[in-house]
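The values are calculated or read from the model by the stated rules, or taken from the named source; none is laboratory data. Just so it is clear, the model here is predicted, and its values are computed rather than measured. Cβ: placed from backbone, ideal geometry, glycine included. Neighbour counts: every protein chain shown. Side chains are part of the model used for accessible areas, which takes the heavy atoms of the whole protein and leaves out ligands, DNA and RNA. Shrake-Rupley method; radii C 1.70, N 1.55, O 1.52, S 1.80 Å.
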Amino acid sequence: PCPHCNVFTFRDASTLRKHIAAAHTRPFPCAFSFAGCTSTFGSKNEWKRHIGSQHLCLQFYRCSDCMPRDPEGKLNEFNRKALFPQPLRRMHAPAEVKRSLANEFQEDWESHVRSMQETCLVQRRLPPQKSACPKPECRIVFEGRRAWDEWTEHVGRHMEKGQAEGMGNDPLLIQWSLREGIVEKIDGEYHLV
């Protein structure tokens, strides 16, 4: 049983540790905590998704079927692929699709949605091409087009082992974030833009 909630029974110690980490300790602090983000996560996937969609903002989906939502002509934008189809279905699906469960209409509409996911994708920036493990005694540097994916996997493994406390910050991530306008430095402190 879990000593914190005493509700679940687990088959092995590994499953119990994962439950405690996800439900009770949230061992994944945001990589942008140096700039004021206080979010923490119970799993590596939640952590990675948050950093990617809330801070890196590498890409987004701009709905080409929407009317501009403000006087400046800005269209609706969605920061995750999974969030994009929902408003398409709600706002733009033809009446026959909304009324009918007939496969012919549904299949055509789903094909249209997949096509829009491709044509409405806007690449804002590339991920960091060079990153360093923020764990002081680790000193591993990741370079190249897979650097960011390798960094998140590597740092995530440290956190899964409960090593988030003495983690520190990646100076290469900070430099990249400054260049990309994701953070700014004011009076010696970093802040999210």
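Would you mind working out the magnitude of the charge dipole of the chain relative to its Cα centre, with +1 at each Lys and Arg C-beta and -1 at each Asp and Glu C-beta, to the nearest 20 Debye? Before the final figure, lay out the partial values.
Values: 28 positive and 24 negative charges, 69 e Å.
Using only the charged Cβ atoms, the result is roughly 340 debye.
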message: Under the 0.36 nm per residue contour assumption, what length would be gained going from the current alpha-carbon distance of GLN86 and HIS112 to full extension?
response: 8.0 nm
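Evaluate the relative contact order of the chain (contact order divided by residue number), counting alpha-carbon pairs under 8 angstrom at least 6 apart; express in whole percent.
Relative contact order here is 19 percent.
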field: Inter-site label distance for ALA95 and ARG124 at 7 Å from Cα along Cβ, in nm
entry: 3.8
statement: Each label sits 7 Å from Cα toward the beta-carbon; between GLU137 and ASN79 the label points are separated, in nm, by 3.5
task: Within the chain, what's the longest run with no trypsin sites (Lys or Arg not before Pro) in a DSSP loop and at most 15 other beta-carbon atoms within 10 Å? Give the range, please.
output: 12-68
message: Keeping every protein chain present and rolling a 1.4 Å probe, give me the accessible area per residue for the chain in Å².
response: 63
query: For mean projected area of the Cα convex hull in nm², which listed value, (i) 10.3; (ii) 14.0; (iii) 16.3, comes from the coordinates shown?
result: (iii)
- line: Counting Lys and Arg as +1 and Asp and Glu as -1 over every other residue whose Cβ sits under 12 Å from the Cβ of LYS135, the net charge comes to 0
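Given charges of +1 on the Cβ of Lys and Arg and -1 on the Cβ of Asp and Glu, with all other atoms neutral, how large is the dipole of the range 131-193 about its Cα centre, in debye to the nearest 20? Don't skip to the end; give the middle numbers.
Working: 8 positive and 12 negative charges, 41 e Å.
About 200 debye.
Give me the count of lysine pairs in the chain whose alpha carbons sit under 16 angstrom apart, restricted to pairs 8 or more positions apart or on different chains.
5
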